[in-house]
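Heads up, the thing below is written out as structure tokens.
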Amino acid sequence: MAGLVLGIRFLLEVCTVIGLFSGVFIKKEIYQKLIFVALAVIITFVWAKYGAPKSPTVLTGGAKLILELAVYSIGTFAFFSLFGNKIGIAYFLIASLDLLLMYLLNLQGH
């Protein structure tokens, strides 16, 4: 079960960034394209520095939970905006369930 939850977690991280970046191709207005690129880049760097398990500056406890909630909230709003309600709801449910299981199974690594 732990391997499945961790695998889904990794896929969510990758899909979040790819989904945000796809706004460059989906949105028509230049400012919207810039917003989605900026979000993708910021989330990538912030997650690499503070969210990645092997990072020397990885957050733990409540700070890590806030980071995760922020990243998945941005991802949820972006998926609703870019792909519609069905994909947005699916992303939200998968991210929420995976995050819940990460904490229930104590898979945070710290």
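Only the coordinates and a few stated rules stand behind these numbers; no lab work does. Treat the numbers as computed from the prediction; the structure is a model and nothing was measured.
Binning at 5 Å from 0, report for the chain what percent of all alpha-carbon pair distances ends up in each bin.
2, 12, 22, 24, 19, 11, 6, 2, 0
For region 54-110, what Kirkwood radius comes out of the mean inverse Cα-Cα distance, in Å? Don't skip to the end; give the middle numbers.
Numbers: mean 1/r = 0.0816 Å⁻¹.
So the Kirkwood estimate lands at 12.2 Å.
If you fit an axis through the alpha-carbon atoms of helix 61-83 and take the longest principal axis of the Cα set of the chain, what angle between them do you get, 0 to 90°, nearest 10?
The helix 61-83 is inclined about 30 degrees to the chain.
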